[in-house]
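Reading through the structure tokens given below for one structure.
The values are calculated or read from the model by the stated rules, or taken from the named source; none is laboratory data. Keep in mind the model is a prediction, meaning the values are calculated, not measured. Because the Cβ atoms are built from the backbone with ideal geometry, glycine has one as well, and the counts that use them run over all protein chains shown. To get the accessible areas, we keep the full protein, side chains included, count just its heavy atoms, and leave off ligands, DNA and RNA. Shrake-Rupley method; radii C 1.70, N 1.55, O 1.52, S 1.80 Å.
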Number of protein chains: 2
Amino acid sequence: MKDYLRQHIISNLGKTPDNLDQVLAAFSERKTKRNELLLREGDICRHVFFIVKGCLQVFVVGKNGNESVREFFFENNWTTDIFGFQNQLPAKESIKCVEPCQLLQIHYEQFQAMANAFPEFREMYKHILEVSYNNAVYRVNTLTAMNALERIQWLNENQPKILTRLSSKIVASYLGISPETFTRLKGKA
Amino acid sequence: MKDYLRQHIISNLGKTPDNLDQVLAAFSERKTKRNELLLREGDICRHVFFIVKGCLQVFVVGKNGNESVREFFFENNWTTDIFGFQNQLPAKESIKCVEPCQLLQIHYEQFQAMANAFPEFREMYKHILEVSYNNAVYRVNTLTAMNALERIQWLNENQPKILTRLSSKIVASYLGISPETFTRLKGKA
DNA sequence: TTGAAACCTTGACATTTATCAACGTTTTTC
DNA sequence: GAAAAACGTTGATAAATGTCAAGGTTTCAA
């Protein structure tokens, strides 16, 4: 499993870093079932997850009990509650497995140790942060500037994997619309 | 003007960094008029701005020509098109002055030079990134999980400055609703 | 200072989207 | 493999929100 992470790090940095084996050793393997919860809102996030296989969703639960998905993460991506993790404060979101997953996880202390020890690790983290932020920016702009149909079209053009791989119900939640509206509009997209 | 930035850096890091004067010297002062455009979507963002006095908005222009505000920034905050700036790629958003502003700006080359030279500068940038990302996360979650009235209430509790300091029109755009709906609902909030 | 422009509010109405219920289909679980 | 649960779709209807127009107010710029 760690070979996937090895390749990811090399391609992220554009080179093979020194101490790569030492970094890989800080991660442990974890296999999950579908719908398994990795982090519950209010708990303190102790890990960063790297997805070898599967899909995660980061979400909040609204007043009516509905889940609102903020983001999906697929293979070769990182997921955590970044702010809560870095400051070891209660999470404002939950994380769960949309599919059965193969993950590599690194604990808070190990993560900070790696960041302190290796400039390349910090560099990679910075890059991940920038990409994550950029994705969140797109999310805000599609949600404020587009109606339901336009959001579906945007997804179709920019993240088609989400439409083909995931259930309609969960995609509707991601788009901030009801499942019925999604059914009705996706024919027109 | 640079005293504001000096204080900001000290409080952000929790200590006075070495080479602070050298960092401050990399910034130049800039005064702007209301509505002055600092970055146009599609252009390459060459600067990071620190706000000494005033308010900036980051926004996109929708199909109908309406501006949709993604975020406001006030005194003692940083603003730039982070992803476009770091990769020197065309911006996906525009930045303009909501009020007349006093800014300190640092150019791309200078910024990278500071980041390469000073660990504390990198540390501060990381911190800014994490806070910015966290804010974007809140934005996504309020937009997907709340209706118009709930968003106004959320703003009232979490960012009251936005409601009191800025025009209704622009706040409505930030909330992703029409000015008329905002007028009608804010009485009930 | 003054005319022009932008803004805020309100009403009437149109459009979009949500909700509820029903039912056939698919998926999960034991 | 069979029962139960979750899902996807459709229709009817309700609720939320947008659009257009008008008029009073505030702000801006010459």
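Tabulated data for the structure shown
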read-out: All positions within segment A:22-57 that are assigned to a strand (DSSP E or B), hydrophobic (A, V, I, L, M, F, W, C) and farther than 18 Å from A:GLN88 by Cβ; value: A:LEU37, A:PHE50, A:ILE51, A:VAL52, A:LEU56
read-out: Hits in segment A:55-72 (condition: in contact (Cβ under 8 Å) with a residue 60 or more places away in the chain and crowded, with 19+ Cβ neighbours inside 10 Å); value: A:CYS55, A:GLN57, A:PHE59, A:SER68, A:VAL69, A:ARG70, A:GLU71, A:PHE72
read-out: Residue match in segment A:175-187 (condition: open to solvent by 60 Å² or more (accessible area, probe 1.4 Å), within 13 Å of chain B (Cβ to nearest Cβ), part of a helix (DSSP H, G or I) and at pLDDT 95 or above); value: no
read-out: Hits in segment A:149-165 - residues which are open to solvent by less than 20 Å² (accessible area, probe 1.4 Å) and either within 16 Å of DNA strand C (Cβ to nearest atom) or at positive phi (or both); value: A:ILE152, A:LEU155
read-out: For B:ASN147: the one exception among (1) within 19 Å of the chain's Cα centre (by Cα); (2) farther than 30 Å from A:ASN116 by Cβ; value: (1)
read-out: Hey, A:LEU129 open to solvent by less than 30 Å² (accessible area, probe 1.4 Å), outside any loop (DSSP other than H, G, I, E, B) and either in contact with a helix residue (DSSP H, G or I) (Cβ under 8 Å, 6 or more places away or on another chain) or within 12 Å of chain B (Cβ to nearest Cβ) (or both) or not; value: yes
read-out: Complete set of residues in segment A:108-144 that are touching a Lys or Arg at 6+ places or on another chain (Cβ under 6 Å) and touching a residue at least 40 places away in the same chain (Cβ under 8 Å); value: A:TYR108
read-out: Test: residue in segment B:65-77 that is more than 12 Å from chain A (Cβ to nearest Cβ), touching an Asp or Glu at 6+ places or on another chain (Cβ under 6 Å) and at negative phi; value: no
